Amino acid sequence: MAKKEIMLGNAAIARGAWEAGVKVSAAYPGTPSTEISENLVKYPDVYAEWSPNEKVAAEVAIGASMAGVRAMCSMKHVGLNVASDPLYSVSYIGAKGGLVFCVADDPGLYSSQNEQDTRLIGRSAHVPVLEPSDSAEAHDMTKLAFELSEKYDTPVILRTTTRIGHSQGTVELSDRVCPDDIPYERDVMKNVMMPGMAKGRHVYVEEREKKMAEDASSMAINRIEPGDDETGFITSGVAYQYVKEVFPEASVLKLGLVYPLPEKLIREFASKVKRLIIFEELEPFIETYVRSWGIECEGKELFTLQGEYSANLLRERLKSEQAKVSAKEVPNRPPILCPGCPHRSTYYVLKKLGIHASGDIGCYTLGAVAPLGVVDTTVCMGASISMLHGMEKARGAEYIKKWVAVIGDSTFMHTGINSLEDLAYNGSSATVMILDNSTTGMTGHQDHAATGRTLDGREVPAISIYRICKAMNIEHVVEVDAFDTAELERVVKEETSRDALSVIIVCAPCALLKGQKFPYKVRALPDKCKKCGMCLKPGCPAVKKKEDGTIEIDDTLCNGCGLCTQLCNFGALERYEI
Ligand SMILES: Cc1ncc(C[n+]2csc(CCOP(=O)(O)OP(=O)(O)O)c2C)c(N)n1
């Protein structure tokens, strides 16, 4: 009997890729895609890496595919923006060994800066998009993605969402079947995208897409599930599950290939039902096509463009029923920096000095919210540094004297490097703070080139951020211990007052890193407390105000970093060894 296992959607993708014989995988972490690589690296005979960013990851996979093996790259939806340059061109080139882009969208913004819909990028890059509805399909469609990639000579996007990647389901396992490596043949007309060659390949891409669209109507992953002909739903991904839960009797056209769409099959389905409803998360993608074919349907006038869908949404909108589980029953828990997080002391110092931060993406983005309130902007990875440069060029050096850029170590290595290069090159006088907590904290502790460890846990020489900055001819580069607030304050004052570019590397490992443990806790001495509230300023969740105004420390939360003890002028907080 076939072996079955309950798997996370992302683990199922990794398993499917391994069974399909993938030999090279490259990725940059990003919720909700990270676990694909973290699972894949555990399998034998696969090379899997963290790349510095998604563009590099995509290019590694493209190179491996050109070398004749099955290859993949994984990223979150915004990662595909970074990788879109190679994606658009490799669409023309096609694939030798199967080439799969696993891209995870985040409807509902669980951990992202926008809710973009990868199907639209697939469409504009002329790359087919597959969309699984559960772990079993995530597994099966990953394998299919490699097959389609080779059959149609195209990269294929496997699009998931947070709900699919992070839910568990039963997966039937198979053995790994590795296709033979394809011998290399020089083919300049196909692999060198100069205008003359690209013109020819563009024609090929159009033909390929037309052919796939025709074939799509007979693909097993696009199927009509006949039922009551009063209402028919066209749906895909997790939205399919909600339709089956709320309308088990309804007719359903379930799409697995969401681009290009199977027009013939959609027409056939539409002709069989009285009311046609398109139930798809995010953009009205299928709906726009269906309407453009002159087929009457309902879609976004019933449902939202934003947010994650649910069975409750269907019940409320189509059955006027109360939601089965009310969201109100779940208490709100806003994100907050952990106790002992080194970013907290940086923000404490910046706030004390009245400095604004051009922010970036990572745990330290939480410096935007109360009580820290220091980060004023966040756009995308790497933007903190270049945006501060733009501000200076717009308004002059004096204007940014009360500004710094803050960026994490992983984000600096991702695209911050390019931004700093711009400042070094184009005469900036900005102050850049690299908050180096020795990990990619936000996405759950992935390594990168400056941590000295690879995805498979090998120790390698760590690239020095300090020396990168020095190599850019930046004269003033200072390393400071994040928890030495007095020194940090002195350095920030000194560097922001300079008329030259400077970098402050604020060092202290993430408080949650394995092996990073302060051998202390803090206790409050209420008799000495003057109720001044200084220790509350950095917003540590372990420091609490009692009803009488004195302070207590939550022993279960305290990490012993000692920031609060540095702020108390009355000795009312005491660090003790544990
Ligand atoms: C283009 C892109 N790729 C990936 C992500 C996911 N992501 C958000 S922040 C971040 C890096 C965080 O690490 P770091 O900069 O070291 O800061 P920390 O969270 O450790 O403070 C990642 C990978 C993203 N938002 N955008």
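FYI, it's all coordinate maths here, none of it is from the lab. None of the values given here were measured: they were computed from a predicted structure. Cβ: placed from backbone, ideal geometry, glycine included. Neighbour counts: every protein chain shown.
Taking region 215-312, which trypsin sites (Lys or Arg not before Pro) meet the DSSP loop condition and have no more than 10 other C-beta atoms within 10 Å?
Passing sites in region 215-312 are Lys274.
Please give every one of the lysines within straight-line cross-link reach of Lys393, meaning a C-alpha to C-alpha distance under 16 Å, and leave out same-chain neighbours fewer than 8 residues apart.
The reachable lysines, counting only those whose Cα sits under 16 Å from Lys393, are Lys401, Lys402.
Among Thr365, Thr451, which comes first, second and so on when ranked by fewest other beta-carbon atoms within 10 Å? Walk me through the numbers on the way to the answer.
Working: Thr365 21, Thr451 24.
Least to most surrounded, the residues fall as Thr365, Thr451.
Angle check, please: helix 135-152 long axis (alpha carbons) against the longest principal axis of the chain (alpha carbons), in degrees 0 to 90, nearest 10.
Roughly 70 degrees between the two axes.
For region 336-351, what does the Karplus curve 6.51 cos²θ - 1.76 cosθ + 1.60, with θ = phi - 60°, yield as ³J(HN,Hα) per residue in whole Hz, taken in order and with x for Gly and Pro?
8, 4, 5, x, x, 5, x, 5, 4, 6, 4, 5, 4, 5, 4, 5
Lys531 to Glu459: extension gain in nm, 0.36 nm per residue of separation minus the Cα-Cα distance?
Contour length minus the Cα-Cα distance gives 21.1 nm.
In Å, what is the Rg of the alpha-carbon atoms in region 325-426, and how long is Dmax?
15.6, 56
With angles folded into 0 to 90 degrees, how steeply does helix 195-216 sit against the dominant principal axis of the chain? Use alpha carbons for both and round to 10.
That works out to roughly 60 degrees.
Given Lys493/Lys546; Lys190/Lys210; Lys470/Lys537; Lys76/Lys190, which pairs have Cα atoms separated by over 23 Å?
Correct reply: Lys493/Lys546; Lys470/Lys537; Lys76/Lys190.
Which order do the peptides 499-506, 461-468, 181-188 take when ranked by the mean count of other beta-carbon atoms within 10 Å per residue, highest first?
499-506, 461-468, 181-188
What number comes out for the charge environment of Val69, summing +1 per Lys or Arg and -1 per Asp or Glu over other residues with Cβ under 14 Å away? Mind showing how you got there, number by number?
Details: positive: Lys23, Arg70, Lys96, Arg176; negative: Asp45, Glu150, Asp180, Asp181.
Taking every other residue near Val69 into account, the sum is 0.
Hey, what did the chain get for relative contact order, percent, Cα under 8 Å, at least 6 apart?
Computed value for the chain: 11 percent relative contact order.
Placing unit charges on C-beta atoms (Lys and Arg positive, Asp and Glu negative, everything else neutral), compute the dipole magnitude of region 119-226 about its Cα centre in debye, rounded to 20.
560 debye
Cα extents of region 212-303 along the three principal axes, largest first, in whole Å?
The Cα atoms of region 212-303 stretch 32, 26, 24 Å along the principal axes, largest first.
List the GluC sites (Glu not before Pro) within region 215-323 that DSSP assigns to loop and that have no more than 12 neighbouring Cβ atoms inside 10 Å.
Loop-located and lightly packed - Glu249, Glu296, Glu301, Glu321.
Using the crude model of +1 on Lys and Arg Cβ and -1 on Asp and Glu Cβ, and no other charge, please compute the dipole size for region 520-577 relative to its Cα centre, in debye to 20.
Values: 10 positive and 8 negative charges, 44 e Å.
The calculated dipole for region 520-577 is roughly 220 debye.
Setting aside same-chain residues fewer than 8 positions from Lys319, which lysines have a Cα under 27 Å from its Cα?
Lys244, Lys254, Lys272, Lys274, Lys300, Lys328
What shape does region 476-565 take by its C-alpha gyration tensor, where a ≥ b ≥ c are the square roots of the eigenvalues and a/c under 1.5 counts as rounded, a/b above b/c as prolate, and the rest as oblate? Walk me through the numbers before you get to the answer.
Numbers: a/c = 3.37, a/b = 1.67, b/c = 2.01.
Oblate.
If the chain between Ala368 and Asn418 were fully stretched, how many nm would it gain, using 0.36 nm times the residue separation less the Cα-Cα distance?
Contour length minus the Cα-Cα distance gives 15.6 nm.
Given the options Cys510, Pro44, Val246, identify the residue whose Cα lies farthest towards the positive end of the charge dipole of the chain (+1 on Cβ of Lys, Arg; -1 on Cβ of Asp, Glu).
After comparing all options, I get Cys510.
Label region 412-540 by shape, choosing from rounded, prolate and oblate, from the square roots a ≥ b ≥ c of the eigenvalues of the Cα gyration tensor; if a/c is under 1.5 it is rounded, and otherwise prolate applies when a/b is larger than b/c, oblate when it is not.
oblate
Using the number of other C-beta atoms within 10 angstrom as an exposure proxy, rank Trp18, Trp403 with the fewest first.
By the 10 Å Cβ count, ascending, the order reads Trp403, Trp18.
If you keep only loop residues by DSSP, which trypsin sites (Lys or Arg not before Pro) in region 372-460 have at most 10 other Cβ atoms within 10 Å of their Cβ?
Counting only loop positions with at most 10 other Cβ atoms within 10 Å, the trypsin sites (Lys or Arg not before Pro) in region 372-460 are Arg458.
Å³ per residue of the Cα convex hull, for the chain?
It is 188 Å³ per residue.
What angle, in degrees between 0 and 90 and rounded to the nearest 10, separates the Cα long axis of helix 9-19 from the longest principal axis of the Cα atoms of the chain?
On a 0 to 90 degree scale, this one is about 60.
Would you mind getting me the FRET efficiency between Asp153 and Ala471? Use the beta-carbon distance for r and R0 = 45 Å, nearest 0.05.
In this case the efficiency is close to 0.60.
Charges at C-beta only: +1 for Lys and Arg, -1 for Asp and Glu. How large is the resulting dipole of the chain about its Cα centre, in Debye rounded to 20?
Here the size comes out at about 980 debye.
Would you kindly state how much longer the chain becomes between Asp548 and Lys42 on full extension, computed as 0.36 nm times their sequence separation minus their alpha carbon distance, in nm to one decimal?
Fully extending the segment from Asp548 to Lys42 adds 176.8 nm.
Label-point separation (nm) for Ala220 and Lys402, each offset 7 Å from Cα along Cα-to-Cβ?
Distance between the two pseudo-spin positions: 6.6 nm.
Taking the Cα centre of the chain as the origin and placing charges on Cβ (Lys, Arg +1; Asp, Glu -1), which of Val460, Ala430, Ser89 is farthest toward the positive end of the dipole?
Result: Ala430.
May I ask for the percentage of alpha-carbon pairs in region 520-577 that lie more than 16 Å from each other?
Values: 474 of 1653 pairs.
When every Cα pair of region 520-577 is considered, 29 percent fall beyond 16 Å.
Taking θ = phi - 60°, what integer Hz values does the Karplus form 6.51 cos²θ - 1.76 cosθ + 1.60 yield along region 468-475, in sequence order, with x for Gly and Pro?
For region 468-475, the Karplus-derived couplings read 4, 4, 4, 5, 8, 6, 7, 6 Hz, x marking Gly and Pro.
Considering amide H positions built from the backbone, and no H for Pro or chain starts, which residues 5 or more places from Trp403, or on another chain, come under 5 Å of its amide H?
Residues meeting the amide H criterion: His356.
Mean residue ellipticity at 222 nm from the helices of the chain, using -39,500 (n - 2.57) per DSSP H segment of n ≥ 4 over the full residue count, to the nearest 500 deg cm²/dmol?
-10000 deg cm²/dmol
Please report Cys540, Cys178 as a ranked list, fewest other C-beta atoms within 10 angstrom at the top and most at the bottom.
Lowest count first: Cys178, Cys540.
Report the dimensions of region 342-507 along its three principal axes from the alpha-carbon atoms, largest first, rounded to Å.
Extents along the principal axes: 47, 36, 30 Å.
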